[in-house]
Structures are given as structure tokens and as C-alpha cells.
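The values are calculated or read from the model by the stated rules, or taken from the named source; none is laboratory data. Quick caveat, the model's predicted, so the values are computed rather than measured. Positions of Cβ are backbone-derived with ideal geometry, glycine not excepted, and every protein chain shown enters the neighbour counts.
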Amino acid sequence: MTEIRVPTLGESVTEATVGQWLKKEGDTVAVDEPLVELETDKVSVNVSATAAGVLKKITAKEGDTVELDAVLAEIEDGATGSSKEKSNGKADAPAPAKASSTPAAGDSAGEQVEVVAPSSGESVTEADVGEWMVKVGDSVNVDDAIVSLETDKAAVDVSAPVSGTIAEIRIEAGETVTPGTVLAIIAKGAGAPKPTESKPTAEPKSTTSAAPLSPAPRRVVEENNLNTSGISGTGKDGRITKGDALAALESSKAKPSPSPSAPRDLGPREERVKMSRLRQTIARRLKESQDTAAMLTTFNDVDMTAVMDLRNQYKDLFQKKHDVKLGFMSFFVKAVCHALKEIPDVNAEIDGTDIIYKNHYDIGIAVGTEKGLVVPVLRDADQMSLAEIEKSIADFGKRGRTGSLTMEEMQGGTFTITNGGIYGSMMSTPILNMPQSGILGMHRIEKRAVVVDDQIVIRPMMYLAMSYDHRIVDGKGAVTFLVRVKENLEDPQRLLLDL
């Protein structure tokens with residue numbers, strides 16, 4: 001008997017919530033086949049089978065909170081059901097994976113086989129059911145496409161795992177599903193396969209596109225009276241996705257209507273859209289931060305002349321040698337690490353009635369993506385060179401946009417830097433990334449008149465904002481920290497001399 005336990009989920013994560021079981025007791029499983037989804041406060045992760053056999057017992061139910069190394073299930077070691085069935089054909093062999101019932105001895109016809117939503121990648125946790133290519137009663141062959149699923153990245157077809165007849169369609173077009181959700185039931189071996197005429201039950205809409213539209217893009221097309229012949233599909237087999245339709249809509253708004261005299265249906269004035277799982281997590285964590293910490297923000301401004309002059313002087317040589325652009329963020333990371341060593345309270349966190357002082361400097365860098373804000377962490381940033389920091393940040397940004405950052409890369413930070421200036425923000429009050437005690441907000445650089453040596457001069461200035469947890473960081477410490485960051489940026493040589 002093999003026990004399936006909760007894996008290590010990251011440095012600061014000690015528990016998780018059991019999400020959806022992708023298998024049920026009695027199902028046959030293969031090595032590395034996903035069994036259950038665990039949800040932490042940051043991401044969702046699938047736990048896979050460590051041995052092949054039959055899922056004998058599920059000890060943690062959906063919705064339960066489990067700690068690290070807790071037993072989730074037990075697998076009875078042995079050959080998979082499909083291999084046994086091929087070798088002896090006995091009825092008491094374990095049912096094939098996805099089978100919802102065991103047929104009578106010697107009778108494989110009529111066996112009920114589940115068609116489930118597949119895993120679409122490490123960072124993809126849900127998909128929208130698009131177009132059904134079959135209806136109840138249709139016959140299908142193995143590997144026939146029966147339904148399309150749309151994720152935030154692409155459209156994928158789900159194929160029939162066996163030949164037979166569609167006995168039941170459980171999920172309607174337009175609904176959202178997670179990996180492992182049962183989409184349909186096939187009666188195995190019943191009926192002869194039909195020719196290609198078995199098509200979707202939905203009546204085709206009067207569009208000029210050769211490929212049928214899924215519900216999501218169809219809604220955009222119909223509500224805005226778009227001509228699909230002018231829309232280039234980026235989905236599988238050239239299908240039009242919702243993103244393609246929205247892009248066409250934005251393009252059409254910039255052009256005059258070809259028939260201004262014709263009435264145009266503007267559609268509903270409101271739209272209800274389900275929050276993505278990432279957005280739900282962001283909302284929950286930010287609210288928890290406000291409810292938990294005694295949050296306060298202190299401000300200062302910094303003259304960026306020295307950093308900008310240094311950057312302009314060496315940026316071409318820097319890029320030629322290190323194959324990465326020299327930005328401002330690496331200077332801020334270095335300045336922050338230097339200040340954290342002087343003010344250790346800002347690099348600490350509260351755990352119950354204890355204070356945990358961190359003697360390492362893992363700096364979280366907030367990265368904006370289409371789905372929301374993620375915060376990957378630079379480990380031991382104080383020991384990294386400017387080039388190493390810039391390369392890591394560039395990599396974080398690229399993988400953040402493609403959704404390929406791992407859970408481990410977004411956990412365990414001791415302090416966070418966020419840059420609202422790239423979006424044009426002049427000043428803001430950033431929210432703490434719990435359980436951290438400090439976060440630095442950067443803003444846009446703009447030329448302002450300032451007094452230097454009793455002279456009014458024009459300098460590139462940036463407002464800095466530091467939010468901190470007043471339960472652990474006093475006002476003096478917070479202000480001193482921000483002043484040190486300012487001094488290090490206005491005189492970068494201080495960093496070299498460790499002053």
C-alpha cells in the first residue's frame with residue numbers, strides 16, 4: 001500500500017485546502033497521473049500518484065484543510081486495470097481509468113466510460129466548454145474530437161477515449177470546468193460509428209466564418225454585429241477565440257461604421273463575469289493584509305540624477321557585456337538590501353507573539369500580467385550583481401506574462417518592491433504582501449524644480465512610498481529606512497563603499 005501525502009508547498013506555506021479530486025475510490029491510476037488538486041493562498045497545485053495501482057481509500061475530502069505531509073489517499077500497488085483487462089479479460093480486473101462502472105463478466109459492450117477535462121498545463125486551472133461536436137445518441141470512434149475547451153491561452157479539442165455511443169453530456173457549452181471534470185459519458189462498443197455528419201447540436205449562426213464559433217466569441221460577435229470574415233482566428237485550426245473577437249471589436253470602434261443609417265444593437269449595458277482563480281486569490285490576500293496589519297505609509301522623494309547619469313554612461317557597455325539592459329530596478333534592489341541590513345525590523349515578520357528576524361534578503365518584485373499581479377522572489381538579492389538582478393527580473397516578467405512561474409518562485413520573500421511608475425503613477429500607498437512587514441512603492445520620474453545649494457534647478461525626481469506594519473516597525477525605523485534608500489540612490493557610491 002502506497003500513501004499519497006501533502007508535498008512541500010513552499011517556505012511560508014504550512015497548509016492547503018483540498019480542492020477537487022480527479023479520481024475516485026476504486027479508480028485505476030498510473031504513476032505521475034494527477035489525483036487531487038490542492039489550493040494554497042497563492043496558487044493551485046496537482047498531487048500525482050507515486051505508484052501505479054488502484055485508488056483504495058481517500059482520507060482527505062474536498063474542502064478539508066490539510067497540513068504538510070498529511071495523508072491524502074492510499075493506493076493499492078499493482079498493474080493498471082487496462083493492462084489486466086487486455087491480458088485476461090476477467091470481470092474482476094480493475095476498471096479502466098475514467099470508467100464509471102464495472103461491466104458484467106465477459107461483457108464490455110455498454111460499459112460506461114467517462115470523458116474528463118484534461119490538464120492543459122501547469123498554470124492552467126480552468127477552461128470554458130466551447131463547441132460540442134456531438135449530441136446524445138451519436139456514435140464515435142476512438143480519438144474522434146467531441147468537444148472543444150477554451151483556456152486563457154488556446155482552444156483544445158477533447159477526443160473520445162473509446163469507441164461507442166454518447167450516452168450523456170454533463171456540461172453544457174459556456175460553462176467553466178477544471179481538470180478532471182466529467183464532460184460526458186460514452187457507452188463503450190455500443191452501435192456502429194457514424195460518418196462525419198454528427199456535428200454540434202447548436203444551430204450555426206449566420207456568420208461568414210467557415211469555422212463555427214464557440215459561445216464566448218459568438219456572444220461578442222452577435223452583441224456587436226461583427227463580421228467574422230474580417231477576424232483572423234488564433235485558436236486551434238484557425239478558430240476565432242474570445243480574444244480575437246474583442247480585438248476586432250476594439251479595431252472596429254476606431255473606424256466609422258460602414259452603414260451609419262442601419263440601427264446597431266449595442267447589447268446589454270452590464271456584463272457579469274466570473275473572477276479568475278488568480279483574481280480571487282489576489283482579492284482575498286489583499287483584504288487579509290488590511291484586516292491583519294496595522295498598516296501605515298511614509299513618503300519621500302529621490303533625485304534620480306546620479307542613477308540616470310550612471311545608467312546613461314554605461315548602459316551600452318553593460319548590455320554588450322551582460323546581454324541585458326541596465327534598468328533602474330537593480331539599483332533599487334541593491335539600495336533596499338543595504339537599508340534592510342541597517343533596519344532589521346523591516347525585514348522581519350510576526351508569528352503569533354514572536355518576531356522572526358530574517359538574516360537573508362529575498363526581495364519580491366511585483367510583476368503585472370493580464371490576469372493580475374504576481375510577485376516572484378529574488379533569492380539572496382544582496383549577493384547578486386546588478387546584471388544578475390536585471391536578468392532575473394527580465395525572466396520573471398516574461399514568464400509571468402506566459403503564466404509559467406512556479407509556486408516556489410512566488411513564496412518566501414522578506415520584502416517587496418512594486419513599480420507603479422511604469423503605468424504613470426505619481427504617488428500611491430502600496431498594500432503589504434503578508435506576512436512581510438514592508439513594501440516599497442516606486443513611481444514615475446518627472447522633472448521638477450528643486451532647491452540645490454540655494455539654487456533652483458530642474459532635476460528628475462521620483463516619489464517613494466513605503467508601507468509598513470506598525471505592529472513591528474516604528475515610525476522612526478520606517479522613516480530611517482526610506483531615507484537610507486533615498487541616500488543610496490542619490491549617491492550610488494555609498495553602496496560600493498558599504499556606507
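Quick one: is Gln313 closer than 30 Å to Val451 by Cα, surrounded by fewer than 16 Cβ atoms within 10 Å (Cβ to Cβ), out of contact with any strand residue (DSSP E or B) (no Cβ under 7 Å at 6 or more places or on another chain) and not hydroxyl-bearing (Ser, Thr, Tyr)?
Values: closer than 30 Å to Val451 by Cα: yes; surrounded by fewer than 16 Cβ atoms within 10 Å (Cβ to Cβ): yes; out of contact with any strand residue (DSSP E or B) (no Cβ under 7 Å at 6 or more places or on another chain): yes; not hydroxyl-bearing (Ser, Thr, Tyr): yes.
Yes.
Being charged (D, E, K, R) and crowded, with 20+ Cβ neighbours inside 10 Å narrows it down to one residue among Glu390, Glu408; which is it? Steps first, answer last, please.
Numbers: Glu408 fails: crowded, with 20+ Cβ neighbours inside 10 Å.
It is Glu390.
When Arg459, Arg448, Arg471 are checked against the criterion of being assigned to a loop (DSSP other than H, G, I, E, B), charged (D, E, K, R) and either assigned by TED's automatic domain parsing to the domain that holds Glu487 or within 28 Å of Glu342 (Cα to Cα) (or both), Arg471 stands alone in meeting it. If you go through region 436-477 and keep only what is over 24 Å from Tyr423 (Cβ atoms) and not hydrophobic (A, V, I, L, M, F, W, C), you end up with Ser437, Asp453, Asp454, Gln455, Asp469, His470, Arg471, Asp474, Gly475, Lys476, Gly477. Within region 68-78, if we keep just the residues that are within 27 Å of the chain's Cα centre (by Cα) and at pLDDT below 85, the residue that is surrounded by the fewest Cβ atoms within 10 Å (Cβ to Cβ) turns out to be Asp69. Being over 28 Å from the mean Cα position of the chain (by Cα), surrounded by 11 or more Cβ atoms within 10 Å (Cβ to Cβ) and more than 29 Å from His470 (Cα to Cα) is a condition met by at least one residue of region 267-278. The single residue among Thr369, Thr353, Thr305 that is out of contact with any Asp or Glu (no Cβ under 9 Å at 6 or more places or on another chain) and within 20 Å of Gly421 (Cα to Cα) turns out to be Thr369.
Taken over region 411-429, residues that are of a type outside the set (Gly, Ala, Ser), modelled with pLDDT of 90 or more and buried (at least 18 other Cβ atoms within 10 Å of the Cβ) amount to 6. Of all residue pairs spaced 6 or more apart or on separate chains, those with beta-carbon atoms under 7 Å, a first member in region 221-232 that is in contact (Cβ under 8 Å) with a residue 40 or more places away in the chain and a second member that is in a helix (DSSP H, G or I) are Asn224/Leu249.
Could you grab me the full set of residues in region 219-249 that are hydroxyl-bearing (Ser, Thr, Tyr) and modelled with pLDDT under 75?
The initial filter retains those residues of region 219-249 that are hydroxyl-bearing (Ser, Thr, Tyr), namely 228-229, 232, 234, 241.
Of everything in region 219-249, those that are hydroxyl-bearing (Ser, Thr, Tyr) and modelled with pLDDT under 75 turn out to be Thr234, Thr241.
Listed by first and then second residue, the pairs with beta-carbon distance under 9 Å, at least 6 apart or on different chains, first residue in region 419-444 and under 16 Å from Val367 (Cα atoms), second in a loop (DSSP other than H, G, I, E, B) and aromatic (Phe, Trp, Tyr), are Asn419/Phe328; Gly421/Phe328; Met442/Phe328. Within region 413-431, the set of residues being assigned to a strand (DSSP E or B) and hydrophobic (A, V, I, L, M, F, W, C) comprises Phe415, Ile417.
Here the condition is being under 31 Å from the mean Cα position of the chain (by Cα), modelled with pLDDT of 90 or more, in the same structural domain as Leu286 (by TED's automatic domain parsing) and surrounded by 15 or more Cβ atoms within 10 Å (Cβ to Cβ); of Leu489, Leu482, Leu432, it holds for Leu432 alone.
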